[in-house]
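K.L.:
The following block contains the structure, expressed as C-alpha cells.
No lab work stands behind these numbers, since they all come straight from the coordinates. Keep in mind that what you see is a predicted model, and the values were worked out from it rather than measured. Here the Cβ is made from the backbone with ideal geometry for all residues, glycine too, and neighbour counts use every protein chain on show.
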Amino acid sequence: MALGNTGLTTSLIGNTLGVSSRDVGTLCTSSNINIFSYYKPHNSLVASYSSRPATTAKGGLIYDNVNKKLKWDKPKGGSSSPYRMGDFAGYDHNAKELSIDYTKLRATADVSKSSMDVTIEPSFADSKFNWGTILGGYTTNNLVIKAEVYNQSNTLMGSSSFKIGEIDSTGKVSLNVANKTKKTDTKIYVKGYFCDYNGNVLCPFIDKKGNETTVEKPLTVTQSKYFYIGKITVNNSSFKVAARLQNGEGAYDTNLVIDITNNGSSDYVAGSNFPNLYVKFRALDGSYTSSNISVGRLTSCTNIPKYMTRTQTISAGSEPTYGSVTKWYIDVDVRMQ
C-alpha cells in the first residue's frame, strides 16, 4: 500500500524502507527506495505532494547517455534540490518493476530440436512513466525492445526485437531462439534492452535499485527423439571399428564417435575419399529401415599407423520421417577403400 499524503513521519518512512536511520536526507537517498514508485524523492525544487504530478512524465528517472544506463535522479540536498519528507507522499514500496519478463513464465525445450520458443511478459512499471520521454524524446510505442536469451551455462542462444506498440493484448511476446539447452538444465535467463527506432541499444533494463537485470526463468526439458547404436561393420578385416553416440545410448542427436584401430601389418594411408562412413536408420520396432546414406569422409582417420587407433566425431545427419517412429538404431558401416 502506498504511503498517504498526511501522517508522514521519519519512523513510518524508515520502517517502510526497512532502514534504521531517521535522518530525512538519508531516507531521501536510501538505496532501499523502489525507484519504480512514480512518487518518490528526486532532484526537484517542487514538492511533489503539493502539486502532483510534479515528477513529470519521467517520474524521477533519467537517462545517462554517456554510460548508457537508466538512473534514479536522487535529490542532492541544499536549496536547489532539498531533502523533503513530504516527497514520500504516495510512495509505493511494492510498485511493479520494469522487467523483460515480470511473470517469469516457464519455458519448455525439446533437446531433440534445434530451436525453441520462449514466451516473455514484459512490464514497463507504472503507466505514468513515459519511457520515450525518459530516454530522450522518443515515442514510447515505437521504441524497440531487444531480448537476449541465455542457457544455464550463460551461453547466448539468440535474441529477438519488437516494438512496444506491437505487444498484443495478452502482454506476451514469443521469441524463437537456437536451442542450446541440456537435458539436465532447469533454467534459462533473459536480458532486456531499450533500443532506438533502428534497434540500437540505448540501455539495459534495471531493477528497483537501479542494477542491470537478468531474469531467471524456470525450464522444463523434454526429448522427442532417441538414438541408439545398431550394427557396426567395416569392409576390411585388418581394421576394428567401434562406434558410440557422443551423448550416450538414447541420445537426442545423431553425433557419433568413431574409433578405427589398425590391426594390420602395415601403416594405413587412405586413398582419395576414404575412409568413408555410411549409415542406415532402423526403427527400433522394426517397421522401417532406410537405404544406405553416405555421411562423408572420416578425415581424422586417413592416416593410421599399425596397431594405432584414430577417432573422429561426426554427425550421422537427420533421421527419416516414418509414421510416428521416434526411436532409431543407427547402423554404422565404414569403408576403408
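K.L.:
Report which label in [x] -0.41, -0.97; [y] -0.22, -0.94; [z] -0.58, -1.09 holds the value of log10 I(q)/I(0) by the Debye sum over Cα atoms at q = 0.06, 0.13 Å⁻¹ derived from the coordinates of this structure.
P.N.:
[x]
K.L.:
Please compute the contact order of the chain in relative form: average sequence separation of alpha-carbon pairs under 8 Å and at least six residues apart, divided by the residue count, as a percent. Please list the in-between numbers first.
P.N.:
Numbers: 802 pairs, mean separation 47.5, N = 337.
Rounded, it is 14 percent for the chain.
K.L.:
Next up: Could you work out how far apart the two model spin labels at ARG335 and ASN273 are, taking each label as a point 7 Å from the Cα in the direction of the beta carbon, and quote it in nm?
P.N.:
Going from the ARG335 label point to the ASN273 one covers 0.7 nm.
K.L.:
Oh, and also: By counting other Cβ atoms within 10 Å of each Cβ, how are TYR39, TYR322 ranked from fewest to most? Mind dumping the intermediate values first?
P.N.:
Working: TYR39 25, TYR322 13.
In order of increasing Cβ crowding within 10 Å: TYR322, TYR39.
K.L.:
Pull up the cross-link candidates among the lysines for LYS327, meaning alpha carbon to alpha carbon under 25 Å and not fewer than 8 places away within one chain.
P.N.:
Candidates past the 8-residue exclusion: LYS113, LYS180, LYS182, LYS183, LYS225, LYS231, LYS280.
K.L.:
I've got another one for you. What list of ³J(HN,Hα) values in whole Hz, one per residue of segment 103-109 in order, does the Karplus curve 6.51 cos²θ - 1.76 cosθ + 1.60 (θ = phi - 60°) give from phi, with Gly and Pro shown as x?
P.N.:
Those phi angles translate into 8, 6, 4, 5, 9, 10, 10 Hz.
K.L.:
So if each residue of separation counts as 0.36 nm, and I subtract the Cα-Cα distance between SER324 and LYS231, what length gain in nm does that give?
P.N.:
Length gained, SER324 through LYS231: 31.2 nm.
K.L.:
Express in nm, to one decimal, how much length is gained between ASP126 and VAL201 on full extension, taking 0.36 nm for each residue of separation and deducting their alpha carbon distance.
P.N.:
Contour length minus the Cα-Cα distance gives 24.8 nm.
K.L.:
Hey, another quick one. Can you compute the FRET efficiency between GLU216 and THR10 using 1/(1 + (r/R0)^6), with r the Cβ-Cβ distance and R0 = 45 Å? Round to the nearest 0.05.
P.N.:
Efficiency, from the Cβ-Cβ distance: 0.80.
K.L.:
Only helical DSSP H runs with n ≥ 4 go in: add -39500 (n - 2.57) per run for the chain, normalise by residue count and round the 222 nm mean residue ellipticity to 500 deg cm²/dmol.
P.N.:
Values: 3 runs with 17 residues, N = 337.
The per-residue figure over the chain is -1000 deg cm²/dmol.
K.L.:
While we're looking at this one, here's another question. With r defined as the distance between the Cβ atoms of SER290 and ASN154 and R0 fixed at 56 Å, what FRET efficiency is calculated, to the nearest 0.05?
P.N.:
Once rounded, the FRET efficiency stands at 0.90.
K.L.:
Please enumerate, by chain and number, the lysines with C-alpha under 23 Å from the C-alpha of LYS74, excluding those fewer than 8 residues away in the same chain.
P.N.:
Within the straight-line limit of under 23 Å, LYS74 reaches these lysines: LYS40, LYS58, LYS96, LYS128, LYS208, LYS209.
K.L.:
Using R₀ = 45 Å, calculate the FRET efficiency as 1/(1 + (r/R₀)^6) where r is the Cβ-Cβ separation of SER224 and VAL66; round to 0.05. Let's see the in-between values first.
P.N.:
Values: r = 49 Å, r/R0 = 1.09.
That pair, SER224 with VAL66, gives E of 0.40.
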